[in-house]
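Worksheet: one structure, shown below.
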Amino acid sequence: MTNNRDSALEIKKEEFKSIGYQLIDRIAGFLDTLDEKPVTPGEVPQILQKILGNSPFPDNGSPVQDIISNATELLMNHSLLNGHPKFMGYITSSPAPIGMLADLLAASVNPNVGAHILSPMATEIEKQTVQWLAEFIGVSPDYGGILVSGGNMANFTAFLAARTAKAPKNIKEEGLTSASKKLMIYCSKTTHTWVEKAAILFGHGSKSTRWIPTGTTNKMDNDLLEKAIKKDLKDGHQPFMVVGTAGDVSTGVVDNLNGIASICKTYDLWFHIDGAYGIPAAIVPELNQLFQGIKEADSLALDPHKWLYSPLEAGCTLVKNPKHLTDTYSSHPEYYNFSKNDHGPALNYYEYGLQNSRGFRALKVWMALRQVGRNGYLEMIREDIGLSQLFFQLATDHAELEAVTQSLSITTLRYVPSGYGDKSEGNEKYLNTLNEALLDNLQLGGKAFLSNAIVNHKYCLRACIVNFRTSKKDVEEIIEIIVTEGKGMHQKLRTK
Ligand SMILES: Cc1ncc(COP(=O)(O)O)c(C=O)c1O
């Protein structure tokens, strides 16, 4: 670089290379030995604060080498490792190594993917990523969309597009209070909390959401859905959107999407699918039937940082007619010079979503899609589902475990000590206390990381495998860990 300004933040080429290579060496070693470390050190905030220290904001800087060594040590030794093969909590995947490199590259070039002129190639790559994601799940490649930070944002982005499409046109100027009818949203009672957040934050109020009960299979009861819509119409409200879930957060159940699509057609409602977790499983031919109806969706949310193994953050909103996104989000302030183009209108992603300046999160998704292609993803997702089924089977076969549910790659189960299986009220209450204490213990213990689900009033342990590093051996070992820890916790509670 011929620039001779000596800025405090600049790192000279040779130093950048030497520190960068060392960092890559550390990361390679870290990834290679993930399975030898505890999943989490389980340190409480007070310990972490002590390790971090409480020095005030420094007046002067420090050598880059020291800062990077210190940050590496802090993070590698004091973090929960969701790349660990025995991490199965919530829905966070093992991050694909190519995504780590992609984030470094994206930050190096630093395109602002809000406008085409600021990110010419990055915008084209994001457009291709969106098209490939549509092809991945099996909807038309003509769906348009945008990469966002995760599932909540992907659903919010679609929610607002649905409202623009279905609400009275003057709400843009007059606001929601001008609508003479209350705008109503419908979803199953198992839908992720984003719906409530959207209804509250976007001014509808939580009472505008109808939480439709589920049937015996835990899918939204579509008869009750239709009844609720009819009743609201009779009461003078305006239904505008139905949310179907493709893989519910607790148990992985996929709603009857075809049925919802047909109700939406009958009543002219926006059909949105929250597929943040489960929709990548639509790639598996054996599961075709389960995902019937996704082609009818007006919008879908999916989350590459869940079952496409992308490092955080990466979500995606897909919309059948992308004009609904620009109708919702586009604005043309006089200080933007982004629309002129001799070759047709420019694709400016600030017009597709809530963000203005945007990072290049599409790169890590695009690179992983290229690295393994359709067949690579098919194999990994199929294996995750197979491991989850094995988990359920091993729990079924074990005298001290109760296998509760299995769907997609989520298994729920609970520890039931011998003599506590008779389902009496007292036993059920005790089993809930026992399994909750067991989960707390497991989550801090570092041997394996699971989360919880409440299924039919039962407090369950929940294992969600969106982890390309998990093997049969890990599942077998986790079963033994649960039983050993469960026994210990039972003894502890009984002697209290
Ligand atoms: C079905 C579903 N929707 C939405 C979300 C929210 O996703 P995120 O945490 O990426 O915002 C989740 C998270 O687990 C989910 O499972």
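The values are calculated or read from the model by the stated rules, or taken from the named source; none is laboratory data. In this text, all values refer to a predicted model and were calculated from it rather than measured experimentally. Glycine also receives a Cβ, built like all others from the backbone with ideal geometry; neighbour counts cover every protein chain displayed.
Mind telling me which of the residues I273, I283 ends up being within 26 Å of T164 (Cβ to Cβ) and modelled with pLDDT of 95 or more?
Answer to the check: I273.
I want to confirm something. Restricting to region 308-324 and keeping residues that are within 10 Å of the ligand (Cβ to nearest atom) and within 17 Å of T157 (Cα to Cα), which single residue is surrounded by the most Cβ atoms within 10 Å (Cβ to Cβ)? Give the derivation first.
Looking only at region 308-324, we keep the residues that are within 10 Å of the ligand (Cβ to nearest atom), and these are 312-315.
Still in the running and within 17 Å of T157 (Cα to Cα): 313-315.
Values: E313: 16, A314: 25, G315: 27.
Among them, the one singled out is G315.
To keep it simple, each residue is scored yes or no on (1) under 20 Å from G89 (Cα atoms); (2) more than 26 Å from the chain's Cα centre (by Cα).
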{"residue": "S18", "(1), (2)": "no, yes"}
{"residue": "R26", "(1), (2)": "no, yes"}
{"residue": "G29", "(1), (2)": "no, yes"}
{"residue": "D32", "(1), (2)": "no, no"}
{"residue": "P38", "(1), (2)": "yes, no"}
{"residue": "E43", "(1), (2)": "yes, no"}
{"residue": "I47", "(1), (2)": "no, yes"}
{"residue": "K50", "(1), (2)": "no, yes"}
{"residue": "G53", "(1), (2)": "no, yes"}
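Could you please tell me which pairs satisfy a Cβ distance under 6 Å, a separation of 6+ or placement on different chains, a first residue in region 310-334 that is assigned to a strand (DSSP E or B), and a second residue that is of a type in the set (D, E, K, R)?
Listed pairs, sorted by first residue: G315/D303.
Which helices (runs of 4 or more DSSP H) does region 108-201 wholly contain that include 1 or more residues that are within 16 Å of the ligand (Cβ to nearest atom) and exposed (fewer than 15 other Cβ atoms within 10 Å of the Cβ)?
Filter on region 108-201 gives 194-201.
Does D422 count as modelled with pLDDT of 95 or more, farther than 25 Å from Q289 by Cα and surrounded by fewer than 14 Cβ atoms within 10 Å (Cβ to Cβ)?
Taking the combined requirement at face value, the residue does not satisfy it.
From the list L369, L408, L363, which residue is buried (at least 19 other Cβ atoms within 10 Å of the Cβ) and more than 25 Å from G247 (Cβ to Cβ)?
L363
Yes or no, residue by residue, for (1) touching a strand residue (DSSP E or B) at 6+ places or on another chain (Cβ under 7 Å); (2) within 20 Å of T129 (Cα to Cα); (3) part of a strand (DSSP E or B); (4) within 16 Å of the ligand (Cβ to nearest atom):
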position	(1), (2), (3), (4)
A261	yes, no, no, no
K265	no, no, no, no
H272	yes, no, yes, yes
Y277	no, yes, no, yes
A281	no, yes, no, yes
L287	no, no, no, no
L290	yes, no, no, yes
L300	yes, yes, yes, yes
K306	no, yes, no, yes
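I'd like to know if region 221-236 contains one or more residues that are within 16 Å of the ligand (Cβ to nearest atom), touching a helix residue (DSSP H, G or I) at 6+ places or on another chain (Cβ under 9 Å), over 15 Å from G138 (Cα atoms) and modelled with pLDDT of 95 or more.
First pass over region 221-236, keeping only residues within 16 Å of the ligand (Cβ to nearest atom): none.
There is no residue in region 221-236 that is within 16 Å of the ligand (Cβ to nearest atom), touching a helix residue (DSSP H, G or I) at 6+ places or on another chain (Cβ under 9 Å), over 15 Å from G138 (Cα atoms) and modelled with pLDDT of 95 or more.
In region 441-472, what residues are more than 19 Å from V404 (Cβ to Cβ), surrounded by fewer than 24 Cβ atoms within 10 Å (Cβ to Cβ) and aliphatic (A, V, I, L, M)?
Scanning region 441-472 gives a single hit, L444.
Here is a yes/no grid of residues against (1) hydrophobic (A, V, I, L, M, F, W, C); (2) in contact (Cβ under 8 Å) with a residue 24 or more places away in the chain; (3) at positive phi:
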{"position": "L439", "(1), (2), (3)": "yes, no, no"}
{"position": "L444", "(1), (2), (3)": "yes, yes, no"}
{"position": "S451", "(1), (2), (3)": "no, yes, no"}
{"position": "T470", "(1), (2), (3)": "no, yes, no"}
{"position": "D474", "(1), (2), (3)": "no, yes, no"}
